[in-house]
Amino acid sequence: MTSFMHDIRPGMVVRSVAGHDKKSSYLVLQTAADRVWLCDGSARPVSKLKLKNVRHVWIVHPDEQTEFLEDLQKLGDDGQKNARIRQLLCPYNPEAPT
């Protein structure tokens, strides 16, 4: 079930509904008043987060992945972090090759 709300928190999986990246799934890493910083592990790695307005994303998976974020922080290499994020987002990107 997808929903549109401004109560987006780090660890949630969201999908872009506006812009050139429409229909792309992301993991929320940081939030501010009306902005979110997103990562997908490939086009937007952890070293180059995407800044997006909260009105332009839908929550796909409302459960916060807090344990996942904690484990992600323990990884030292950005490549490992990106690979884990891609693994997490794989079920939410049906058009992506397996």
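Summing Lys, Arg as +1 and Asp, Glu as -1, what charge do residues with Cβ under 14 Å from the Cβ of Gln80 carry, Gln80 excluded? With Lys, Arg at +1 and Asp, Glu at -1, the net is +1.
On a 0 to 90° scale, report how tilted helix 78-89 is relative to the longest principal axis of the chain, with both axes built from alpha carbons and the result rounded to the nearest 10. Roughly 50 degrees, rounded to the nearest 10. The modelled label-to-label distance for the pair His56/Thr31, using points 7 Å beyond Cα in the direction of Cβ, is 1.9 nm.
Projecting the Cα atoms of Leu51, Thr31, Gly79 onto the dipole axis of the chain, where Lys and Arg carry +1 and Asp and Glu carry -1 at the beta carbon, places Leu51 farthest toward the positive end.
Could you order peptides 19-26, 7-14 by the average number of other Cβ atoms within 10 Å of their residues, highest first?
The packing order, highest mean first, is 7-14, 19-26.
The Cα atoms of the chain define a convex hull whose projected area, averaged across directions, is 5.9 nm².
Any read-out appearing in this document is the output of simple, stated calculations on the displayed coordinates, not a laboratory observation. What you are looking at is a predicted structure, and each value in this text was computed from that prediction instead of being measured. We place every Cβ from the backbone using ideal geometry, glycine too, and count neighbours over all the protein chains shown.
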